[in-house]
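Here, each number is a calculation from the coordinates, and none is a lab measurement. The model shown is predicted, which means the values in this text are computed figures rather than measured ones. Backbone-built Cβ (ideal geometry, glycine too); neighbour counts: all protein chains shown.
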């Protein structure tokens, strides 16, 4: 079988880095995109051997060009897309400016359309594709100070279901993953007293690990996961159960 090609947005740090590395170790050709941290991307590429690419995923044309670069460099179409990239610009609604709203919606939600659109034609032509969208538990729960983030992450669920219906007959599955509190650098920087409160609300009593999210991605990306589409997999230690 031809080696599958996977693209992970926001794939050089945190959860994205774990996903990129897990895919590579599982035998996929992997490309990781990033937005701004050149130093981290360079070090990631050096350590892992994974190709890295820099573009603005909130920009439609940039995503089209980025997908073409990956396709040319890795000598084949993108079979698996992991829409992982995201940012926060937290503020209570009455203090949130339009810039904070636009930045989060563009990066966390519009990017999912941009990147999916960039790979969809080739997936349809090849009658195979896996699109896996990394949402968040806060898109299910809502979170104080995150109307922008929660709205974007909740939007991913609707996008996932609608696109899953459109593409199922073409051998393309579209699923979402909703992580809870995962032990990334950002989460581990939370003040100790706040972390105690967070952990008290997680039934398993600990943070999740990035690799635990990556294992779910590997499962959904597999050729044999073809009967799972339009679904959301929650990875939150039991903090939110539907």
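Placing a pseudo-label 7 Å from each Cα along the Cα-to-Cβ vector at residue 204 and residue 143 gives an inter-label distance of 1.8 nm.
Build a GNM of the chain with springs between Cα atoms under 10 Å apart, and of 224, 143, 64 the one that fluctuates most is 224. Region 162-233 and region 1-65 have their alpha-carbon centroids 18 Å apart.
One quarter of the surface of the convex hull around the alpha-carbon atoms of region 190-231 equals 4.3 nm², the direction-averaged projected area.
Exposure proxy shown here: for 36, 22, 111, the number of other Cβ atoms within 10 Å sets the order, fewest to most, as 36, 22, 111. The simple Förster model, with R0 at 30 Å and r as the Cβ-Cβ distance, assigns residue 183 and residue 72 a FRET efficiency of 0.25.
For region 1-144, rounded, prolate or oblate, judged on the Cα gyration tensor with a ≥ b ≥ c (square roots of eigenvalues), a/c < 1.5 rounded, else prolate if a/b > b/c? Prolate, since a/c reaches 1.5 and a/b exceeds b/c.
From the Cα gyration tensor of region 86-223, with a ≥ b ≥ c the square roots of its eigenvalues, which class applies: rounded if a/c is under 1.5, or else prolate if a/b is larger than b/c, or else oblate? Oblate, since a/c reaches 1.5 and b/c is not below a/b.
Only Cα pairs under 8 Å and 6+ residues apart enter the sum, and on that basis the relative contact order of the chain stands at 19 percent. Springs join every pair of Cα atoms under 10 Å in this Gaussian network model of the chain, and among 40, 152, 164 the largest mean-square fluctuation is at 40. Residues considered: 231, 125, 61. Largest GNM mean-square fluctuation over the chain, using C-alpha springs under 10 Å, is found at 125. Relative to the current alpha-carbon distance between residue 103 and residue 42, full extension at 0.36 nm per residue lengthens the span by 19.5 nm.
Specify whether the C-alpha gyration tensor of region 142-185 places it in the rounded, prolate or oblate class, a ≥ b ≥ c being the square roots of the eigenvalues: rounded for a/c under 1.5, otherwise prolate if a/b is larger than b/c and oblate if not. Oblate shape, in that a/c is at least 1.5 and b/c is the bigger or equal ratio.
Each of 120, 74, 81 was scored by other Cβ atoms within 10 Å of its Cβ. Arranged with the fewest first, they read 74, 120, 81.
With contacts taken as Cα pairs under 8 Å and at least 6 residues apart, region 37-154 reaches a relative contact order of 30 percent. Projected label points at residue 212 and residue 121, each 7 Å from Cα along the beta carbon direction, are separated by 4.1 nanometres.
Dividing the summed helix terms, -39500 (n - 2.57) for each DSSP H run of n ≥ 4, by the number of residues in the chain produces a 222 nm estimate of -14000 deg cm²/dmol to the nearest 500.
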